Amino acid sequence: MGHLEGAAGIAGFIKLVLVLQHRTAPPNLHLKKLNPHLDIDGFPVVMPSEAVEIGVGRTAGGERRGKLIGAVSSFGFGGANAHVVVEEGDAPIPPLPPTLAADAPETSTARVTVPSKFAIPPLPPTLAADAPETSTARVTVPSKFAFLFTGQGSQYVGMCRGLYEQEEAFRSVLDRCERVVSEKKLWGGEMSLKNLLFPSTEEEQRVAETQIDQTQFAQVALFAIEVALFELWRSKGVVPDVVMGHSLGEYAAAVASGVMSVEKGLVLVERRARAMQALPPSEGVMAACRVGEADVITALDTLNSREESIEAVKNVAIAAVNGPKSVVVAGPRPGVALVLSELGVATSARFLAVSHAFHSPLMSAAREEFAPVLEETTLQEPKEGIRLVSTVTGLPVCEGELTVPEHWLSQIERPVRFAEAVRSCVETLGCSLLVELGPQPVLINMSKSCVSAEKKASVRWLHSSLRSPDDTESFSKALSAAMREISSQAPSADPTQSGAGLWQHAAFPFAPLTHPLVGTVVESREGTRVQAVVRREVHALVDHHDLRGEIVVPGAHHLDTMAACVGRLLASGRVTSGDLSSKSVEGEEVEGGMPRPRVCLENVFFERPLMLPHLKDLTEETRHRVTVSVSPSREVTLKSTGGAAESQSDWEESEETHVRADVSSQTAFKQTEVDIEAVKNRLPQKADIEAFYKGFKQIGYILGPRFRTVREAWISEENPNEILAALRPEAAFDDQKGERMREVDLAYDVHPAVLDGCFQSGALRFASDNESRLFVPVEIQRVVLGCLRVPWDAPDKPTAFVHAELVSKTETAKVVDLRLTDAAGRVVAEVIGMTSRPMDVSRAAPIPRDLLWSVAWKRPSPVEGEGKREGEGQTATETFMRASSSGPPRLFVGVSAENADAIARLIPNSKILPSVRDLPESQLLEGLSASGCDQILFLGSAGEGVERADGAAAAVVWEATRVLQAVSSPEWPKETPRPSVRFVTVGEQSSARGGSAGLSVSPAAARGSHCGLLGLARSAAVEMQNFGVKVGSADLDPTAPVPFPEAM
């Protein structure tokens, strides 16, 4: 335990009393070797490593000859010291318990005997190469323990690297799988499993990232990781009662239960994956939707009864039932689209990033290919003591079910009945502890929705590994939790006879309060991400921010979250901001003396609102995760993912971007203080706060007590462009316990309700009369956030003041500057150039997902080593090429003759293909695949004079289409990664919006080729996900030497 401060020494005193009572000195728990620098020669001290009897003052009849005396010191936290001397009493001494007796048997030491569940059994036959079938003795305990093995989709490069480096049991199994891959010539004998999982060079990393999501590689890699995790748990003495696996995971479950050996399982998985990979990738899709299984069956029956849709849906099927409202539909794209439309979820369903329609009739060819392999394989019955629950049937397997090929063949095309399998584990077999074995948690979230609320409360859910560099820590925590759970269920015993109980170690390090959305930090080549699931307390807060019945997270909350994440990363040294680092930063002192740097964000763009479910509707399936990412170029984005995603890749692919900004090192406030009394004297009139909030409510903007933070406001007719407002947030109350949720409120650096009050003050003063439109922030030039601690114990005093000044105002935009101060007038946050635009909420219509914004071109810093600014004296195309000159080689397609030389000069390793219009299909495919480029930039519409010839616009779009057809062709070499494709336009953004502020519309911007090209890009970006090809667009500014927005 840590320092007990005012109770310092009490633990030592209790220990001393027990020593005197039992006349036995206990061993030093973890002492193995004394520090060699301690000189104790001649010093009368003993440091026992085992229990030592010190009761020597007795006669042969057992009577005392003298009393033992001990002492303990107390060193108080504030410097007060005390020393207590304790003498043995006269009361009879009870007999020593067996665990402390000198002649106790070896199994009864100072540590209690570990329950039999943790006794390390002999190596099971599934992991021993040629070991005979054996069964180990097990003592039944009330709880049952299940292993859940993850399926495809959870894989990533580097998974479980920490466990491989630090855990011998894990490493030995993975090395064994590596040998099998080599000896059996799996993957053609040309690839290394370890190079795929743990690449050591940049080239290996690039190759691994392109291969890890391909079925033939992903399934083998996941199987190896999962059987290694099983052996790791087994080596720690933890063996399950029940095992089950999601689709592919059932093979690892079969190994764990003794149905097949690691070698057999590895060969079967590789052949199965190869058969699936060989199918034409364009034949099917998979879509996840939030509906019940019965709803999908009804929709399929309806469509099959219509003559016009029978053919389209004949190969559409339910691929997985992952929960009561979580179903995956698979089959040909047109048929799947019909089903989704019939269900009414065409816009909300999510197409999975997979190459084939797994678990559907389209897998029949893979089944036939795999059948001969199974016919030659001998499988065993599950060994005694471990039950296997099949996700093919959702039930515990019967005798003979797993030893015949039909089970494993039907698994390929039949649906995954995961929800039923989880219910079988919990409700039929009585499992109260479920542990997921996979590289990251996927099944745990899904499985929680599969059981009743009553059962869910009695079940403990754990995961073996997180997607984190420190995956050893997550495993250690899971292991400790599992041991505590199982030992708590073991039969009780008299502590005086069997010992004091299993040691339960837990660390309680001191730590300052943490922002509720500052969570796990994940490093990657793309930058640093901070991820957190939105906590219930955050939902309770934003539940008070209602826009026409929808809960919309305010932009103020986004700003505080981004600043908190960036601030923690700066303080820890994980990222820097120009010359800004943790050692050279103006900061705010927070709890525990931990500095939180003041954070400056520039060029803030609010892209789309984040909508959360109402608190009353919050479930595991409706939870959101928020990710703040900081790129090496110091761009910061805030993204979210909704629902219980099935894998990390699912999270990333379904992420929506809400805010973008740049981290700046210019953290100084332009104005450090506001003279509150002077401003009040300048603004003598009081605004009607009640009428202001009533007006909000009338247009559908309903703020609950927690966001009604404007308490008073001062205005003046003589100064119409200025307002001062006093802000005070409402304290939080837990809706169940009636207690204040202080921890979360105190954890915010600038409480979102206070910061939102700043934005409200602008609406209060600068809105037009009878305004029925709500002006929402869409852009901020610069925001600097420090820290403001809310005095929650002073509810009658203002927490802060905001001084707002109007910069400009039109019918479509308002620009204001805001300064937030503490009660004394010291500036703690500064918002410069906040642009708000109107959103009409007077009509009962869905809230638009994309709000209005304007495009702002940004000029980058000069190229290092250049005497002139980038683009000076160059064409726009030359500027673009210079900006693109770093990184892997690129292939430029559709390049005009006048630009070809500039490209070759500025990017020596670039490759140029002037036109693809007249190339035969086979020649085009061969040329693109052999180029060795990871990105194709199509410049067909960016050249001068491209619109002059009749039909030129259609020709450009046709060339672009041919490029897309080539990179998505089933004939594309499997060993060659497919490149991404970007379509480049000139001035399209300014043309589409009538011109940005200060940016004239170039005549070149009105090209018809742009319209067709961008339409193609948008539709292709969705379609090409099935082939792992990223498609995007980029726009060059025709008037400025900056070709791309910063986001590019």
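Overview of results
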{"read-out": "Built amide H within the under 5 Å cut-off of residue 460, gap 5+", "value": "433, 434"}
{"read-out": "Footprinting exposure proxy for 598, 1018, 608 (fewest neighbouring C-beta atoms within 10 Å first)", "value": "1018, 608, 598"}
{"read-out": "Using θ = phi - 60° and Karplus 6.51 cos²θ - 1.76 cosθ + 1.60, couplings along the stretch 655-665 (whole Hz; Gly, Pro as x)", "value": "5, 10, 8, 10, 9, 10, 6, 10, 7, 10, 8"}
{"read-out": "90, 295, 471, 675 arranged by Cβ crowding within 10 Å, fewest neighbours leading", "value": "90, 675, 295, 471"}
{"read-out": "Shape category assigned to the stretch 282-355 from the gyration tensor of Cα positions, a/c cut at 1.5", "value": "oblate"}
{"read-out": "³J(HN,Hα), Karplus 6.51/-1.76/1.60, whole Hz, each residue of the stretch 182-188, x for Gly, Pro", "value": "6, 5, 8, 6, 5, 6, x"}
{"read-out": "Order of 388, 1013 under a 10 Å beta carbon neighbour criterion, fewest first", "value": "388, 1013"}
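FYI, it's all coordinate maths here, none of it is from the lab. Small disclaimer: the values here were computed from a predicted structure and weren't measured. Counting neighbours? That spans all protein chains shown, and the Cβs are built from the backbone with ideal geometry, glycine included.
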